[in-house]
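Okay, so here's the structure we're looking at.
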Protein chains: 2
Amino acid sequence: MYRSHHCGALREKHIGSEVTLAGWAAKVRDKGFMLWIDLRDRYGITQLVLDEERCSAALLEKARKTRREAVVQVTGVVIERVAKNPNMDTGNIELLVSELTVLNEAQTPPFTIEDKTDGGEDLRMKYRYLDIRRAPVQNSLLFRSKIGLLVRNYLAEQAFIEVETPYLIKSTPEGARDFVVPSRMNEGQFYALPQSPQTFKQLLMVGGMDKYFQIVKCFRDEDLRADRQPEFTQIDSELSFVHQQDIMACFEGLLSHLLEEIHGISPAPFPVISYEDAMKTYGNDKPDIRFGMTFTELNAQAQNKGFTVFDAQELVVSIAVPGAASWSRKQIDTWIDWVKRPQIGANGLVWVKFNKDGTFKSSVDKFFDNDALATWATACEAKAGDLILVMAGEAIKTRTQLSALRMALAESLELRKPNEFAPLWVVDFPLFEEDEDSGALHAMHHPFTAPKPAHLSQLESNPKDVVAQAYDLVLNGNEIGGGSIRIHDRGTQEKMLSLLGFSDKEAKAQFGFLMDAFTYGAPPHGGIALGFDRLVAILGGKETIRDYIAFPKNNSGRDVMIDAPARLDDDQLNELGLKNN
Amino acid sequence: MYRSHHCGALREKHIGSEVTLAGWAAKVRDKGFMLWIDLRDRYGITQLVLDEERCSAALLEKARKTRREAVVQVTGVVIERVAKNPNMDTGNIELLVSELTVLNEAQTPPFTIEDKTDGGEDLRMKYRYLDIRRAPVQNSLLFRSKIGLLVRNYLAEQAFIEVETPYLIKSTPEGARDFVVPSRMNEGQFYALPQSPQTFKQLLMVGGMDKYFQIVKCFRDEDLRADRQPEFTQIDSELSFVHQQDIMACFEGLLSHLLEEIHGISPAPFPVISYEDAMKTYGNDKPDIRFGMTFTELNAQAQNKGFTVFDAQELVVSIAVPGAASWSRKQIDTWIDWVKRPQIGANGLVWVKFNKDGTFKSSVDKFFDNDALATWATACEAKAGDLILVMAGEAIKTRTQLSALRMALAESLELRKPNEFAPLWVVDFPLFEEDEDSGALHAMHHPFTAPKPAHLSQLESNPKDVVAQAYDLVLNGNEIGGGSIRIHDRGTQEKMLSLLGFSDKEAKAQFGFLMDAFTYGAPPHGGIALGFDRLVAILGGKETIRDYIAFPKNNSGRDVMIDAPARLDDDQLNELGLKNN
């Protein structure tokens, strides 16, 4: 070992001991006759001290020449610090250096290795190994590692078995695009990387594994929306002989355990809300319930009162912004402009100030008197001092627009508190969604999701009204998990694939093995998958998953550090039986 | 939940309780008036009982029709068994069934779902989900899961951080062939799947992560020798500020911990043997030291005594087979034929029986008298009753041939006891190996391995004699891990790549990011990677990794269950900018 202790270890009890440390020279402060170096490693920082009185001139000179981020090994005696630093774990001591060896030199880094760095995103990604030296990134990776272990131990306690499913599998055109892998040994044929271990975990249930989990990488070759990665990590699981509520209870237990272990929070039983209610109340199937501003429909109160803008619309819907009656016209106009941007696409906002004195002032005073507006306020459960904002239009579109406004307002009002955690379940999703253009049915969750038993008979006659045994786990406005009870009989699975537009031949070619398996004694089963990257980020009080991934890719799917992907040479392509188009 | 208890849970204390179980009908025994079903799940088997006296005729009839491997839910009262079965955890009780529901029917499985099955390898792989229902396979997967968790908790205790490194990286022609992944977003460019996270873990060290590990899938597109998989799992790790012995101590600790936890064995400190000694003593750099039959060189005793077959050879080398002096000529001839097979390629064997009465009888009696043979026996430390087998030829080849014989003899004599564990370290590997044909140098470990400091100066002048700071962990004749101290300065790394035949341009294109990283303060570091599949198999007392992989591929790299790899349709190829050659 190059060290007797790490840089976060030394305390007052070590005073008088000779120790050896190794780490990076984070800072060198040179007062001429005296010189300090902050020596840093993963575990902390220890202050080194050298001076003319107690150190040789040669040693002092060597220390003076030590560059920032050089790798240094030092030996010395632990002494008490005169000017103690209560903000540092090692702040009561310092190391009086007697030997100093530079183990490796360092160029000046392209950005400062400090909590607040001057490096932009691109530079930090190119030199990610230097970015990782910064405490915020390092702590994020430590945090992720800790949560992974907590998850594994918790699930193992619950008799879950971690089983590794294969990465080289078969492409299925259903869903997102697969990354494919040409096979050299089977020329002209390709493996695919898994978008999830879905079929394999179902086969494990058919195999009697009973309770499976895996923390596993998954792959989707999608155009990357903000904060998506082509490879991402999932806490994947599947259970046999369970109903929906058993799976929900199990993973509610897991998330509660994490909140308890990490933040000392024991959450109340998670609210359960139907997809329909979520859409009506929040305009969103992953509502952030850390704050109010829930939707109130005002069709009864606001339509047919002479304001034709409302009358023709399917939906008139409002939120009450707490304490915002005091906003200036300019402030309100900013938000009106905000919802009119093409990204939101609303026509505008009607606003109603519910003044502290109980009076109302609105943008529709011509059409609605105080009494009329008071009925709105009552419906919204607005309090004096609140600002009521109203949108009208086609129901689905308007809810989505108002939801975006609600979230942006919450952000702006700092109601989305990173250290507050509000999990909930959203249930009763439709089994299908309809393609707006073609009218084709798509599986809202995936083609293996079981309908509610009572809806099974309508699968063909009335598919759009069939409700799935599917559930999402939502945390702070993010879907962190989704799952379902699966179909476990061949007949229903065949019907499902047929409704989704698979020919018998396609169904057989792609999922024949699964449907065969169902004929050999498949137990009732279901599962859930949690997005590990996002879960970790939210538990860490952030929403950017990139902060919690050691080597993330950029929005073009590139690793700019290693410069991948890259061209292959012709030999390598030839060997795969391929050529570029 | 479909059950109140699982099938391994019920004991005498449950007698009188009404319970509900669910599982697979493993066996149905029908005596007409009475009928038993063995209900099986992952946790065990519970005997169900129904009879004419206590059950309705309809219920009995339903039970009678239950087919093997059907999925069944039953409710009933736990009763004491008349004929107890002490070999079963649930052997003191049985369940008197009052309700029975078939949750899913089952076709007759293509092979019997029992410990000893009648299914051949191919059939079991095609229906792997049924194979997994068999206790030996299920137990292997449970065993693997348990070891994974033990490893993770042990390393976390030692302050290791699990960091996920990317799967979509860059192809490097060095080493085995990469699997590549065409990028749709970056047409004409490819990712590669990692053969190991080598460069990333080194960058994590540059990033100050200090102690990293990961249980991670790796990929090699190699022609599959027996018992190799194109995707395999590694316990990967890297440490900073350490010397070789620190890493060895750490992973000796890990393996000792596993042996202790799993088998209750506390191994003595692992022997450490140099590569050179391993080759001389065992003809093998991964010796099985559970048994003797070590090599003795007999050049001094056996050459220049008139037996010209020996005289001309570089090496005369022997082993003493314990107790084999009693073998018949026919038995000995079998082994002579065995070594002459093309797979081994030896010219033959000289044999010497060291009889119980102290006399000798050999195949070279014409050339060597009793006294001469006695000097051989003394050199070999043979005991009366042993059989000495001697080979002669070119040193490296002969050692390899004798090693093969030694292993086969041990197998045949049942000296390779699966429940005995003999770990050791092999150290001091050469840094390079020379290509026999071209004379080109290859890295014996990989191009990032550091030479011994004392040998650094000979790197260019005398590369073949340079010894690496590399070490293998060997268990029961299998290399289960290998690692090294890494180069951590740009100059040495450049020199190394140049010696391996990389042009400056190639070196920069492929490993520029790593060499750049070395200039920003890279700490001294090193690591090790353990083959997880093999480790688990050996700890489980087997050597076939396939038994411990849920969904293995066959020797052509195919998953015969899902039938992958497979052809892509032209649209999918087109979208990737590719066509088949």
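The values are calculated or read from the model by the stated rules, or taken from the named source; none is laboratory data. Please read these numbers as outputs of a predicted model, since none were measured by experiment. Glycine gets a Cβ as well: all are built from the backbone with ideal geometry, and neighbour counts include every protein chain shown. Surface areas here come from the heavy atoms of the whole protein model, side chains and all, with no ligands, DNA or RNA. Shrake-Rupley method; radii C 1.70, N 1.55, O 1.52, S 1.80 Å.
Descriptive notes on the structure:
- Helix-only [θ]222 nm of chain A, DSSP H runs n ≥ 4, -39500 (n - 2.57) each, per residue, nearest 500: -8500 deg cm²/dmol
- Of all accessible heavy-atom area on the stretch A:12-104, the percent that carbon and sulfur account for (1.4 Å): 48 percent
- With 30 Å as the limit on Cα-Cα distance, the pairs of A:K542/B:K553; A:K495/B:K146; A:K126/A:K201; B:K340/B:K366 that go past it are A:K542/B:K553; A:K495/B:K146; A:K126/A:K201.
- For the chain pair B and A, the buried solvent-accessible surface (1.4 Å probe, both sides summed) amounts to about 11000 Å².
- Taking each of A:K452/A:K508; A:K361/A:K397; B:K353/B:K397; A:K286/A:K417; A:K116/B:K211 in turn, the alpha-carbon distance tops 20 angstrom for A:K452/A:K508; A:K361/A:K397; B:K353/B:K397; A:K116/B:K211.
- Calculated on the alpha-carbon coordinates, the convex hull of the stretch A:306-352 measures out at 97 cubic angstrom per residue.
- Heavy atoms of A:E414 accessible to a 1.4 Å probe, total area in Å² rounded to 10: 140 Å²
- For A:E61 and A:D437, the FRET efficiency from 1/(1 + (r/R0)^6), where r spans their Cβ atoms and R0 equals 60 Å, is about 0.20.
- In sequence order, calculated HN-Hα J values of the stretch B:67-80 (Karplus, 6.51, -1.76, 1.60; Hz; x Gly/Pro): 8, 3, 6, 5, 9, 10, 10, 9, 10, x, 10, 6, 10, 6
- In the stretch B:12-104, lysine pairs with alpha-carbon atoms under 22 angstrom apart (chain gap of 8 or more, or interchain): 7
- Shielding score for A:127-136, defined as the mean number of other chain Cβ atoms within 10 Å: 6
- ³J(HN,Hα), Karplus 6.51/-1.76/1.60, whole Hz, each residue of the stretch A:28-39, x for Gly, Pro: 10, 10, 10, 9, x, 6, 9, 8, 10, 10, 8, 9
- Where chain A is the region considered: accessible area per residue in Å², 1.4 Å probe: 40 Å²
- R0 of 60 Å, Cβ-Cβ distance B:D337-A:A176: FRET efficiency to nearest 0.05: 0.55
- Loop GluC sites (Glu not before Pro), the stretch A:268-355, which have at most 14 other Cβ atoms in a 10 Å radius of their Cβ (DSSP): A:E314
- Inter-copy label distances for A:G292: 8.8 nm (label point placed 7 Å from Cα along Cα→Cβ; shortest first).
- Helix B:244-263 axis, angle to chain B major axis (alpha carbon atoms, nearest 10°): 30 degrees
- Burial ranking of peptide ranges A:473-483, A:262-272, B:22-32 (average Cβ count within 10 Å, highest at the top): A:473-483, B:22-32, A:262-272
- Surface listing: A:D223, A:D333, B:D277 arranged by accessible area from highest to lowest gives A:D223, B:D277, A:D333, probe 1.4 Å.
- Under 5 Å between amide hydrogens, built in the peptide plane, is the criterion, and for B:R567 it picks out A:F190 among residues at least 5 positions away or on other chains.
- Across the identical copies, the 7 Å label point of A:S4, projected outward along Cα→Cβ, sits 6.5 nm from its counterparts, in ascending order.
- Relative contact order computed over the stretch A:12-104 (Cα-Cα under 8 Å; 6+ residues apart), in percent: 33 percent
- In this structure the amide hydrogen of B:G481, modeled in the peptide plane, comes within under 5 Å of the amide hydrogens of B:L473, B:G531, none closer than 5 places in sequence on its chain.
- Inter-label distance, A:S328 to B:N370: 12.0 nm, where each label sits 7 Å from its Cα along the C-beta direction.
- For A:K170, the aspartates and glutamates whose Cα falls under 12 Å of its own Cα, not counting residues fewer than eight places away in the same chain, are A:D178, B:D559, B:D563.
- Cα-based values for the stretch B:291-415, radius of gyration first and Dmax second, are 13.2, 37 Å.
- Peptide A:520-529 - average C-beta neighbours from other chains (10 Å radius): 6
- Tilt relative to chain B, helix B:395-412 - C-alpha long axis, 0 to 90 degrees, to 10: 30 degrees
- Calculated from backbone phi, Karplus (6.51, -1.76, 1.60) coupling profile of the stretch B:542-555 in Hz, x at Gly/Pro: 10, 10, 9, 5, 4, 5, 10, 10, 4, 10, x, 9, 7, 5
- Rounded to 10°, Cα long-axis angle of helix B:135-157 versus longest principal axis of chain B: 60 degrees
- Inter-chain neighbour count for A:207-217: the average number of beta-carbon atoms from partner chains within 10 Å of each residue's beta-carbon is 6.
- About the centre of its Cα atoms, the stretch A:291-415 shows a dipole size close to 260 debye [charges on the beta carbon of Lys, Arg (+1) and Asp, Glu (-1) only; nearest 20 debye].
- Carbon-plus-sulfur accessible fraction, the stretch A:433-581 (probe radius 1.4 Å, protein heavy atoms only): 43%.
- Shortest-first nm distances, A:N347 label point to equivalent points in other copies (7 Å, Cα→Cβ): 10.1
- Of the trypsin sites (Lys or Arg not before Pro) found in the stretch A:51-116, those that fall in a DSSP loop while having at most 15 other beta-carbon atoms within 10 Å are A:K65, A:R67, A:K84, A:K116.
- Nearby aspartates and glutamates by direct alpha-carbon distance to B:K305 (threshold 18 angstrom, same-chain neighbours under 8 apart not counted): B:E297, B:E314, B:D365, B:D369, B:D371
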